[in-house]
1. Residue check: is Leu89 within 30 Å of Ala145 (Cα to Cα) and either hydrophobic (A, V, I, L, M, F, W, C) or surrounded by 15 or more Cβ atoms within 10 Å (Cβ to Cβ) (or both)?
2. Between Asp394, Asp379, which is surrounded by fewer than 18 Cβ atoms within 10 Å (Cβ to Cβ) and modelled with pLDDT of 90 or more?
3. From the list Ile330, Ile289, Ile296, which one is in contact (Cβ under 8 Å) with a residue 24 or more places away in the chain and under 15 Å from Thr90 (Cβ atoms)?
4. If the requirement is being in contact with a Pro (Cβ under 8 Å, 6 or more places away or on another chain), more than 26 Å from Gln298 (Cα to Cα), part of a helix (DSSP H, G or I) and of a type in the set (A, V, I, L, M, F, W, C), which of these qualifies: Val54, Val45, Val69?
5. Answer yes or no: is there a residue in segment 242-257 that is more than 28 Å from Phe166 (Cβ to Cβ), in a helix (DSSP H, G or I) and touching a Gly at 6+ places or on another chain (Cβ under 6 Å).
6. Across segment 397-418, what is the number of residues that are modelled with pLDDT under 90 and either at positive phi or in a helix (DSSP H, G or I) (or both)?
7. Give me a count of the residues in segment 1-30 that are in contact with a helix residue (DSSP H, G or I) (Cβ under 7 Å, 6 or more places away or on another chain), surrounded by fewer than 18 Cβ atoms within 10 Å (Cβ to Cβ) and part of a helix (DSSP H, G or I).
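The values are calculated or read from the model by the stated rules, or taken from the named source; none is laboratory data. Here the structure is a predicted model, which is why all the values come from computation and not from measurement. Here the Cβ positions follow ideal geometry from the backbone for every residue, glycine too, while neighbour counts run over all protein chains shown.
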Amino acid sequence: MAAGIVVGVTFSMVGAPLQPVNDVLVDGLLDAIGRIFVALLQMMVVPLVLVSIVCGVASLGDLRALGRVGVKTLGLYLLTTAIALVLALTLARVVSPGQGFDLAGEVAYQSQPPPPLTEVFVNMFPANPVRALAEGQMLQIIFFALLLGFAITRAGEAGRRIGAIFSDLNAVIMKMVSLVIRTAPLGVFALITTTFAAQGLELFRPLAGYAIVVAVSLLLHVCLTYTAVLRLARLSPIAFLTKMRAVMTFAFSTASSSATIPLTLGTVKKRLGVGNSVASFTVPLGATINMDGTAIMQGVATVFIANVYGVDLVLADYLTVVLIATLASIGTAAVPSAGLIMLAMVLGQVDLPVEGIALIIGIDRLLDMMRTAVNVCGDGAVTCLVARTERALDLATFNDPDAVMDGMVRPAAASSAQ
Ligand code: ASP
(Lines give C-alpha, C1' and ligand atoms only; values in the text may rest on other atoms or scores of the structure.)
Protein backbone atom coordinates (compact mmCIF):
# COMPACT_ATOMS: atom_id res chain seq x y z
CA MET A 1 0.00 0.00 0.00
CA ALA A 2 2.80 2.42 0.92
CA ALA A 3 4.65 1.64 -2.31
CA GLY A 4 1.42 2.27 -4.24
CA ILE A 5 0.96 5.66 -2.58
CA VAL A 6 4.54 6.69 -3.39
CA VAL A 7 4.38 5.56 -7.03
CA GLY A 8 0.85 6.92 -7.54
CA VAL A 9 1.58 10.33 -6.04
CA THR A 10 4.79 10.55 -8.09
CA PHE A 11 2.86 9.98 -11.30
CA SER A 12 0.22 12.51 -10.30
CA MET A 13 2.81 15.17 -9.36
CA VAL A 14 5.14 14.74 -12.32
CA GLY A 15 2.20 14.78 -14.74
CA ALA A 16 2.85 15.39 -18.42
CA PRO A 17 6.48 14.15 -18.76
CA LEU A 18 5.46 10.75 -17.40
CA GLN A 19 2.24 10.61 -19.41
CA PRO A 20 3.34 7.93 -21.92
CA VAL A 21 4.58 5.67 -19.09
CA ASN A 22 1.41 6.45 -17.17
CA ASP A 23 -0.75 5.41 -20.12
CA VAL A 24 0.94 2.04 -20.50
CA LEU A 25 1.84 1.18 -16.94
CA VAL A 26 -0.78 2.79 -14.71
CA ASP A 27 -3.84 3.15 -16.94
CA GLY A 28 -2.99 -0.07 -18.77
CA LEU A 29 -1.26 -2.77 -16.78
CA LEU A 30 -1.89 -1.75 -13.16
CA ASP A 31 -5.47 -0.77 -13.84
CA ALA A 32 -6.08 -4.23 -15.33
CA ILE A 33 -4.37 -5.98 -12.41
CA GLY A 34 -6.39 -3.96 -9.91
CA ARG A 35 -9.66 -4.73 -11.62
CA ILE A 36 -8.85 -8.43 -11.89
CA PHE A 37 -8.00 -8.48 -8.18
CA VAL A 38 -11.35 -6.92 -7.22
CA ALA A 39 -13.16 -9.32 -9.54
CA LEU A 40 -11.43 -12.29 -7.89
CA LEU A 41 -12.52 -11.08 -4.47
CA GLN A 42 -16.06 -10.45 -5.62
CA MET A 43 -16.10 -13.88 -7.23
CA MET A 44 -15.72 -15.42 -3.77
CA VAL A 45 -18.36 -13.35 -1.97
CA VAL A 46 -21.61 -15.05 -3.01
CA PRO A 47 -20.49 -18.70 -2.66
CA LEU A 48 -18.71 -17.90 0.59
CA VAL A 49 -21.64 -16.10 2.19
CA LEU A 50 -24.17 -18.74 1.13
CA VAL A 51 -22.15 -21.73 2.24
CA SER A 52 -20.78 -20.31 5.47
CA ILE A 53 -24.19 -19.09 6.67
CA VAL A 54 -25.75 -22.46 5.91
CA CYS A 55 -22.98 -24.16 7.91
CA GLY A 56 -23.20 -21.60 10.68
CA VAL A 57 -26.94 -21.98 11.16
CA ALA A 58 -26.78 -25.77 10.82
CA SER A 59 -24.19 -25.89 13.59
CA LEU A 60 -26.17 -23.47 15.79
CA GLY A 61 -29.17 -25.65 15.27
CA ASP A 62 -31.61 -23.64 17.30
CA LEU A 63 -33.87 -20.89 16.11
CA ARG A 64 -33.90 -19.14 19.46
CA ALA A 65 -30.12 -18.75 19.50
CA LEU A 66 -30.27 -17.43 15.95
CA GLY A 67 -32.93 -14.88 16.91
CA ARG A 68 -30.85 -13.77 19.87
CA VAL A 69 -27.73 -13.32 17.73
CA GLY A 70 -29.82 -11.47 15.14
CA VAL A 71 -31.34 -9.00 17.59
CA LYS A 72 -28.04 -8.29 19.34
CA THR A 73 -26.18 -7.82 16.08
CA LEU A 74 -28.78 -5.56 14.53
CA GLY A 75 -29.08 -3.51 17.73
CA LEU A 76 -25.32 -3.03 18.01
CA TYR A 77 -24.94 -2.16 14.33
CA LEU A 78 -27.61 0.52 14.58
CA LEU A 79 -26.32 1.83 17.91
CA THR A 80 -22.71 2.18 16.73
CA THR A 81 -23.89 3.96 13.57
CA ALA A 82 -25.97 6.42 15.62
CA ILE A 83 -22.97 7.06 17.91
CA ALA A 84 -20.80 7.63 14.82
CA LEU A 85 -23.26 10.26 13.62
CA VAL A 86 -23.46 12.05 16.96
CA LEU A 87 -19.66 12.16 17.07
CA ALA A 88 -19.33 13.42 13.49
CA LEU A 89 -22.06 16.04 13.85
CA THR A 90 -20.60 17.32 17.12
CA LEU A 91 -17.13 17.67 15.65
CA ALA A 92 -18.45 19.23 12.45
CA ARG A 93 -20.53 21.69 14.44
CA VAL A 94 -17.51 22.75 16.51
CA VAL A 95 -15.07 23.05 13.59
CA SER A 96 -17.72 24.28 11.14
CA PRO A 97 -16.08 23.31 7.83
CA GLY A 98 -17.33 25.18 4.76
CA GLN A 99 -17.71 28.50 6.56
CA GLY A 100 -16.64 31.16 4.03
CA PHE A 101 -16.31 28.62 1.22
CA ASP A 102 -16.41 30.43 -2.10
CA LEU A 103 -19.35 29.05 -4.04
CA ALA A 104 -18.18 30.12 -7.49
CA GLY A 105 -21.03 29.86 -9.95
CA GLU A 106 -23.69 27.21 -10.29
CA VAL A 107 -23.00 23.66 -9.25
CA ALA A 108 -24.76 20.80 -10.93
CA TYR A 109 -25.38 17.38 -9.49
CA GLN A 110 -27.56 14.75 -11.04
CA SER A 111 -29.00 12.92 -8.05
CA GLN A 112 -30.11 9.34 -8.38
CA PRO A 113 -33.27 8.46 -6.51
CA PRO A 114 -32.43 6.45 -3.37
CA PRO A 115 -34.60 3.39 -2.75
CA PRO A 116 -37.45 4.02 -0.27
CA LEU A 117 -36.79 2.29 3.05
CA THR A 118 -39.88 0.07 2.85
CA GLU A 119 -38.50 -1.26 -0.43
CA VAL A 120 -35.24 -2.14 1.32
CA PHE A 121 -37.22 -4.23 3.80
CA VAL A 122 -39.50 -5.94 1.26
CA ASN A 123 -36.46 -6.62 -0.93
CA MET A 124 -34.92 -8.77 1.77
CA PHE A 125 -37.18 -11.61 0.74
CA PRO A 126 -36.12 -13.20 -2.52
CA ALA A 127 -38.85 -14.27 -4.94
CA ASN A 128 -36.15 -16.04 -6.88
CA PRO A 129 -33.08 -17.20 -4.95
CA VAL A 130 -31.17 -17.97 -8.12
CA ARG A 131 -31.58 -14.40 -9.26
CA ALA A 132 -30.56 -13.19 -5.80
CA LEU A 133 -27.37 -15.23 -6.07
CA ALA A 134 -26.73 -14.14 -9.64
CA GLU A 135 -27.18 -10.48 -8.79
CA GLY A 136 -25.33 -10.70 -5.47
CA GLN A 137 -28.33 -9.35 -3.50
CA MET A 138 -26.74 -9.77 -0.10
CA LEU A 139 -29.76 -9.43 2.21
CA GLN A 140 -31.76 -11.85 0.04
CA ILE A 141 -28.89 -14.33 0.04
CA ILE A 142 -28.59 -14.05 3.82
CA PHE A 143 -32.31 -14.72 4.26
CA PHE A 144 -32.27 -17.70 1.89
CA ALA A 145 -29.15 -19.17 3.51
CA LEU A 146 -30.61 -18.79 7.01
CA LEU A 147 -33.75 -20.64 5.99
CA LEU A 148 -31.79 -23.34 4.17
CA GLY A 149 -29.47 -23.85 7.15
CA PHE A 150 -32.41 -24.02 9.51
CA ALA A 151 -34.25 -26.53 7.30
CA ILE A 152 -31.13 -28.71 7.24
CA THR A 153 -31.27 -29.00 11.02
CA ARG A 154 -34.92 -30.06 10.79
CA ALA A 155 -34.75 -32.51 7.88
CA GLY A 156 -33.40 -35.55 9.71
CA GLU A 157 -31.13 -37.90 7.81
CA ALA A 158 -31.46 -35.98 4.51
CA GLY A 159 -30.53 -32.80 6.35
CA ARG A 160 -27.46 -34.44 7.85
CA ARG A 161 -26.28 -35.59 4.41
CA ILE A 162 -26.77 -32.18 2.81
CA GLY A 163 -25.23 -30.53 5.87
CA ALA A 164 -22.11 -32.66 5.41
CA ILE A 165 -21.86 -31.56 1.77
CA PHE A 166 -22.11 -27.91 2.76
CA SER A 167 -19.48 -28.41 5.42
CA ASP A 168 -17.08 -29.89 2.83
CA LEU A 169 -17.93 -27.10 0.41
CA ASN A 170 -17.15 -24.58 3.13
CA ALA A 171 -13.66 -25.99 3.57
CA VAL A 172 -13.02 -25.94 -0.18
CA ILE A 173 -14.30 -22.39 -0.61
CA MET A 174 -12.18 -21.14 2.27
CA LYS A 175 -9.21 -22.71 0.48
CA MET A 176 -10.14 -20.78 -2.68
CA VAL A 177 -10.28 -17.59 -0.63
CA SER A 178 -6.81 -18.24 0.74
CA LEU A 179 -5.50 -18.77 -2.80
CA VAL A 180 -7.00 -15.46 -3.94
CA ILE A 181 -5.59 -13.70 -0.89
CA ARG A 182 -2.09 -14.72 -1.89
CA THR A 183 -2.34 -12.21 -4.74
CA ALA A 184 -3.26 -9.38 -2.35
CA PRO A 185 0.10 -7.58 -2.18
CA LEU A 186 0.17 -7.11 -5.95
CA GLY A 187 -3.56 -6.33 -6.14
CA VAL A 188 -3.40 -3.73 -3.38
CA PHE A 189 -0.33 -2.11 -4.94
CA ALA A 190 -2.09 -1.87 -8.31
CA LEU A 191 -5.31 -0.42 -6.86
CA ILE A 192 -3.55 2.13 -4.71
CA THR A 193 -1.18 3.24 -7.47
CA THR A 194 -3.98 3.80 -10.00
CA THR A 195 -6.11 5.67 -7.47
CA PHE A 196 -3.37 7.99 -6.31
CA ALA A 197 -2.09 8.60 -9.84
CA ALA A 198 -5.58 9.75 -10.85
CA GLN A 199 -6.29 11.80 -7.71
CA GLY A 200 -4.76 15.23 -8.01
CA LEU A 201 -3.95 16.25 -4.46
CA GLU A 202 -4.62 19.89 -5.34
CA LEU A 203 -8.35 19.05 -5.29
CA PHE A 204 -8.01 18.78 -1.56
CA ARG A 205 -6.94 22.29 -0.74
CA PRO A 206 -10.34 24.04 -0.79
CA LEU A 207 -11.95 21.07 0.89
CA ALA A 208 -9.23 20.41 3.45
CA GLY A 209 -11.49 21.43 6.35
CA TYR A 210 -14.20 18.99 5.33
CA ALA A 211 -11.74 16.16 4.63
CA ILE A 212 -9.92 16.65 7.93
CA VAL A 213 -13.12 16.65 9.98
CA VAL A 214 -14.21 13.42 8.27
CA ALA A 215 -10.80 11.81 8.83
CA VAL A 216 -10.58 12.88 12.47
CA SER A 217 -14.14 11.70 13.19
CA LEU A 218 -13.31 8.33 11.63
CA LEU A 219 -10.22 8.03 13.77
CA LEU A 220 -12.07 9.03 16.94
CA HIS A 221 -14.82 6.55 16.22
CA VAL A 222 -12.30 3.73 15.96
CA CYS A 223 -10.37 4.85 19.04
CA LEU A 224 -13.38 5.60 21.25
CA THR A 225 -16.43 3.65 20.13
CA TYR A 226 -14.79 0.43 18.97
CA THR A 227 -12.43 0.45 21.92
CA ALA A 228 -15.48 0.72 24.19
CA VAL A 229 -17.20 -2.12 22.31
CA LEU A 230 -14.13 -4.33 22.77
CA ARG A 231 -13.69 -3.33 26.41
CA LEU A 232 -17.31 -4.30 26.95
CA ALA A 233 -16.37 -7.70 25.57
CA ARG A 234 -13.29 -7.69 27.85
CA LEU A 235 -10.99 -7.98 24.84
CA SER A 236 -7.82 -6.10 23.99
CA PRO A 237 -8.45 -3.34 21.40
CA ILE A 238 -4.75 -3.40 20.47
CA ALA A 239 -4.81 -7.12 19.65
CA PHE A 240 -8.03 -6.55 17.69
CA LEU A 241 -6.71 -3.65 15.65
CA THR A 242 -3.41 -5.37 14.95
CA LYS A 243 -5.23 -8.30 13.43
CA MET A 244 -7.83 -6.19 11.63
CA ARG A 245 -5.11 -4.10 9.99
CA ALA A 246 -4.93 -6.29 6.90
CA VAL A 247 -8.72 -6.24 6.54
CA MET A 248 -8.78 -2.46 6.81
CA THR A 249 -6.00 -2.17 4.24
CA PHE A 250 -8.04 -4.30 1.86
CA ALA A 251 -11.16 -2.23 2.45
CA PHE A 252 -9.11 0.93 1.95
CA SER A 253 -7.75 -0.30 -1.39
CA THR A 254 -11.01 -1.63 -2.80
CA ALA A 255 -13.41 0.92 -1.21
CA SER A 256 -15.91 -1.91 -1.00
CA SER A 257 -17.02 -3.64 2.20
CA SER A 258 -18.63 -6.28 0.06
CA ALA A 259 -15.46 -7.23 -1.82
CA THR A 260 -13.70 -7.38 1.56
CA ILE A 261 -16.12 -9.96 3.03
CA PRO A 262 -13.87 -12.98 2.31
CA LEU A 263 -10.98 -11.43 4.21
CA THR A 264 -13.13 -10.08 7.05
CA LEU A 265 -14.75 -13.46 7.54
CA GLY A 266 -11.44 -15.32 7.38
CA THR A 267 -9.82 -12.92 9.82
CA VAL A 268 -12.52 -12.91 12.48
CA LYS A 269 -12.70 -16.69 12.35
CA LYS A 270 -9.05 -17.67 12.06
CA ARG A 271 -7.26 -14.79 13.74
CA LEU A 272 -9.78 -13.46 16.25
CA GLY A 273 -11.22 -16.86 17.17
CA VAL A 274 -14.91 -16.13 16.44
CA GLY A 275 -17.00 -19.25 15.79
CA ASN A 276 -18.55 -19.71 12.35
CA SER A 277 -22.05 -19.85 13.84
CA VAL A 278 -21.77 -16.15 14.74
CA ALA A 279 -19.26 -14.82 12.18
CA SER A 280 -20.96 -16.31 9.11
CA PHE A 281 -24.03 -14.26 9.94
CA THR A 282 -22.66 -11.06 11.46
CA VAL A 283 -19.94 -10.36 8.87
CA PRO A 284 -22.00 -10.41 5.64
CA LEU A 285 -24.85 -8.64 7.43
CA GLY A 286 -22.44 -6.02 8.74
CA ALA A 287 -20.84 -5.48 5.36
CA THR A 288 -24.30 -4.88 3.93
CA ILE A 289 -26.00 -2.75 6.56
CA ASN A 290 -23.40 -1.49 9.03
CA MET A 291 -21.65 1.58 7.70
CA ASP A 292 -20.40 3.78 10.49
CA GLY A 293 -17.74 5.40 8.32
CA THR A 294 -20.30 6.23 5.65
CA ALA A 295 -22.61 7.72 8.26
CA ILE A 296 -19.74 9.90 9.52
CA MET A 297 -19.11 11.24 6.02
CA GLN A 298 -22.82 11.95 5.61
CA GLY A 299 -23.01 13.81 8.91
CA VAL A 300 -19.98 15.99 8.18
CA ALA A 301 -21.06 16.55 4.57
CA THR A 302 -24.49 17.74 5.72
CA VAL A 303 -22.97 20.34 8.05
CA PHE A 304 -20.43 21.34 5.39
CA ILE A 305 -23.07 21.84 2.70
CA ALA A 306 -25.32 23.73 5.13
CA ASN A 307 -22.42 26.06 5.92
CA VAL A 308 -21.57 26.62 2.25
CA TYR A 309 -25.17 27.53 1.45
CA GLY A 310 -25.50 29.60 4.63
CA VAL A 311 -28.28 27.44 6.10
CA ASP A 312 -28.56 27.27 9.89
CA LEU A 313 -29.23 23.76 11.14
CA VAL A 314 -31.21 23.50 14.37
CA LEU A 315 -31.32 20.68 16.91
CA ALA A 316 -34.28 19.02 15.19
CA ASP A 317 -32.27 18.93 11.94
CA TYR A 318 -29.37 17.21 13.67
CA LEU A 319 -31.70 14.61 15.16
CA THR A 320 -33.25 14.05 11.74
CA VAL A 321 -29.78 13.52 10.27
CA VAL A 322 -28.93 10.96 12.99
CA LEU A 323 -32.16 9.05 12.39
CA ILE A 324 -32.21 9.18 8.61
CA ALA A 325 -28.52 8.51 8.09
CA THR A 326 -28.63 5.55 10.49
CA LEU A 327 -31.51 4.05 8.52
CA ALA A 328 -29.94 5.06 5.22
CA SER A 329 -26.82 3.09 6.04
CA ILE A 330 -28.94 -0.07 5.90
CA GLY A 331 -29.89 0.70 2.32
CA THR A 332 -26.41 1.79 1.22
CA ALA A 333 -24.80 -0.71 -1.12
CA ALA A 334 -21.37 -1.91 0.03
CA VAL A 335 -19.62 -0.68 -3.10
CA PRO A 336 -17.52 2.39 -3.92
CA SER A 337 -19.33 5.74 -3.73
CA ALA A 338 -22.67 4.29 -2.67
CA GLY A 339 -22.66 6.58 0.36
CA LEU A 340 -23.09 9.62 -1.87
CA ILE A 341 -26.38 8.32 -3.28
CA MET A 342 -27.80 8.03 0.21
CA LEU A 343 -26.41 11.43 1.14
CA ALA A 344 -28.90 12.88 -1.34
CA MET A 345 -31.69 11.42 0.77
CA VAL A 346 -30.25 12.83 4.01
CA LEU A 347 -29.86 16.30 2.49
CA GLY A 348 -33.41 16.18 1.17
CA GLN A 349 -34.75 15.48 4.67
CA VAL A 350 -33.24 18.67 6.07
CA ASP A 351 -34.08 20.78 3.00
CA LEU A 352 -30.54 21.24 1.79
CA PRO A 353 -29.77 21.43 -1.94
CA VAL A 354 -28.73 18.07 -3.34
CA GLU A 355 -26.42 19.92 -5.75
CA GLY A 356 -24.15 20.44 -2.76
CA ILE A 357 -22.88 16.91 -3.35
CA ALA A 358 -21.10 18.20 -6.46
CA LEU A 359 -18.82 20.19 -4.16
CA ILE A 360 -17.41 17.14 -2.40
CA ILE A 361 -17.54 14.56 -5.15
CA GLY A 362 -14.05 15.36 -6.42
CA ILE A 363 -12.34 14.15 -3.27
CA ASP A 364 -14.81 11.46 -2.38
CA ARG A 365 -12.75 8.52 -3.54
CA LEU A 366 -10.06 8.93 -0.93
CA LEU A 367 -12.59 9.54 1.84
CA ASP A 368 -14.55 6.53 0.56
CA MET A 369 -11.44 4.41 1.04
CA MET A 370 -11.00 5.65 4.60
CA ARG A 371 -14.65 5.23 5.57
CA THR A 372 -14.82 1.74 4.10
CA ALA A 373 -11.87 0.74 6.31
CA VAL A 374 -13.88 2.00 9.30
CA ASN A 375 -17.03 0.24 8.08
CA VAL A 376 -15.32 -3.16 8.13
CA CYS A 377 -13.59 -2.43 11.43
CA GLY A 378 -17.03 -1.86 12.96
CA ASP A 379 -18.27 -5.18 11.59
CA GLY A 380 -15.32 -6.90 13.26
CA ALA A 381 -15.77 -5.16 16.63
CA VAL A 382 -19.49 -5.93 16.86
CA THR A 383 -18.85 -9.51 15.72
CA CYS A 384 -16.36 -9.97 18.59
CA LEU A 385 -18.78 -8.57 21.17
CA VAL A 386 -21.71 -10.68 19.95
CA ALA A 387 -19.48 -13.78 19.84
CA ARG A 388 -18.26 -13.09 23.35
CA THR A 389 -21.79 -12.83 24.74
CA GLU A 390 -22.68 -16.06 22.92
CA ARG A 391 -19.57 -17.83 24.24
CA ALA A 392 -18.49 -18.31 20.64
CA LEU A 393 -15.08 -16.62 20.84
CA ASP A 394 -11.90 -18.57 21.47
CA LEU A 395 -9.77 -16.33 23.69
CA ALA A 396 -6.58 -18.29 23.05
CA THR A 397 -6.83 -17.61 19.31
CA PHE A 398 -7.78 -13.97 19.89
CA ASN A 399 -4.72 -13.40 22.05
CA ASP A 400 -2.34 -15.46 19.93
CA PRO A 401 -0.28 -13.01 17.82
CA ASP A 402 0.73 -15.87 15.53
CA ALA A 403 -2.81 -16.94 14.67
CA VAL A 404 -3.02 -16.33 10.92
CA MET A 405 -5.37 -17.07 8.12
CA ASP A 406 -4.43 -19.60 5.50
CA GLY A 407 -2.87 -17.69 2.60
CA MET A 408 -1.34 -14.97 4.76
CA VAL A 409 2.30 -14.77 5.68
CA ARG A 410 2.92 -15.51 9.36
CA PRO A 411 4.20 -12.34 11.06
CA ALA A 412 7.17 -14.29 12.46
CA ALA A 413 8.01 -15.72 9.02
CA ALA A 414 7.75 -12.25 7.48
CA SER A 415 10.16 -10.70 9.96
CA SER A 416 12.69 -13.52 9.70
CA ALA A 417 12.58 -13.20 5.90
CA GLN A 418 13.51 -9.52 6.07
N1 ASP B 1 -17.72 2.22 -0.09
C2 ASP B 1 -18.49 2.03 1.10
C3 ASP B 1 -18.50 0.57 1.49
O4 ASP B 1 -18.45 -0.29 0.65
C5 ASP B 1 -19.87 2.56 0.97
C6 ASP B 1 -19.79 4.06 0.81
O7 ASP B 1 -19.67 4.75 1.82
O8 ASP B 1 -19.84 4.56 -0.30
O9 ASP B 1 -18.55 0.25 2.65
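1. Criteria not met by Leu89.
2. Of the residues listed, the single one that is surrounded by fewer than 18 Cβ atoms within 10 Å (Cβ to Cβ) and modelled with pLDDT of 90 or more is Asp394.
3. Step by step, each of Ile330, Ile289, Ile296 is checked, and only Ile296 is in contact (Cβ under 8 Å) with a residue 24 or more places away in the chain and under 15 Å from Thr90 (Cβ atoms).
4. On the way: Val54 fails: in contact with a Pro (Cβ under 8 Å, 6 or more places away or on another chain); Val69 fails: in contact with a Pro (Cβ under 8 Å, 6 or more places away or on another chain).
Within the list Val54, Val45, Val69, the selection yields Val45.
5. Scanning segment 242-257, I find no residue that is more than 28 Å from Phe166 (Cβ to Cβ), in a helix (DSSP H, G or I) and touching a Gly at 6+ places or on another chain (Cβ under 6 Å), so the answer is no.
6. Residues flagged as modelled with pLDDT under 90 and either at positive phi or in a helix (DSSP H, G or I) (or both) within segment 397-418 amount to 8.
7. Of the residues in that region, 4 qualify.
Here's the yes/no breakdown for (1) among the basic types (Lys, Arg); (2) more than 16 Å from the ligand (Cβ to nearest atom); (3) out of contact with any Lys or Arg (no Cβ under 9 Å at 6 or more places or on another chain); (4) within 30 Å of Leu60 (Cα to Cα):
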site: Ser277; (1), (2), (3), (4): no, yes, yes, yes
site: Val322; (1), (2), (3), (4): no, yes, yes, no
site: Gly331; (1), (2), (3), (4): no, no, yes, yes
site: Ser337; (1), (2), (3), (4): no, no, no, no
site: Ala358; (1), (2), (3), (4): no, yes, yes, no
